[in-house]
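Step one of this worksheet: look at the structure below.
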Amino acid sequence: MSSATSSVKTSGKGPVLLIDHHDLDFTLRNAADSNGQAFVARAVSNEISPNIGIGFARWEGAEVAWTLLYDEVIFVIEGCFELQANGQLYRVSPGQMLWIPEGTELVYGGHALFGYVVHPGDWKQRHGLV
C-alpha cells in the first residue's frame, strides 16, 4: 500500500495511527544513479494532515542534491545517514536526528533507514509543484 493512512479521514480528534515501515511501498526517488539508490515512502498523506508530512526513507549510497522547500527533521533508525550542508558533513547514527531549516541547500547521502517529518506537509501545493 502506498500510504498507510490514505483511507482514514480525520476531523477534530482523529484516530491514533500505528505505521510500520514494512507495510509501506517505497518508491525510487533518484534517477539512474550508478553510485546507489534512494527510496522514500510517505506514511501520512496530505489528506490526513496538510500541516506535516511524515515518512520513511532508505538510502543505499545515493547522493541527492536538493534545496529544502520546508523545514525537515530526519531521525536515523539503522545505518549512517550523511548530509552535506553549509560546508559541513553531518554523519548521523541511530538514535540521532537532524533539524534542517527551509531554504537549506544540501546533499543527502549514506546508507541508512531513517524517518522524516516535513512542515508544512502540503509544501508541493504551496510551491505549485503538483
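Could you list, in sequence order, all residues of segment 59-75 that are surrounded by 14 or more Cβ atoms within 10 Å (Cβ to Cβ) and either closer than 16 Å to HIS119 by Cα or of a type in the set (Phe, Trp, Tyr) (or both)?
TRP59, LEU68, LEU69, TYR70, ASP71, GLU72, VAL73, ILE74, PHE75
Find the residue count for segment 76-130, including only residues that are surrounded by 15 or more Cβ atoms within 10 Å (Cβ to Cβ), over 21 Å from HIS22 (Cβ atoms), among the aliphatic types (A, V, I, L, M) and in contact (Cβ under 8 Å) with a residue 40 or more places away in the chain.
Looking only at that region, the number is 2.
For the structure I just gave you, tell me whether THR10 is modelled with pLDDT under 90 and crowded, with 17+ Cβ neighbours inside 10 Å.
So THR10 does not fit the description; no.
The values are calculated or read from the model by the stated rules, or taken from the named source; none is laboratory data. Since the model is a prediction, treat every value here as computed from it, not as a measurement. Positions of Cβ are backbone-derived with ideal geometry, glycine not excepted, and every protein chain shown enters the neighbour counts.
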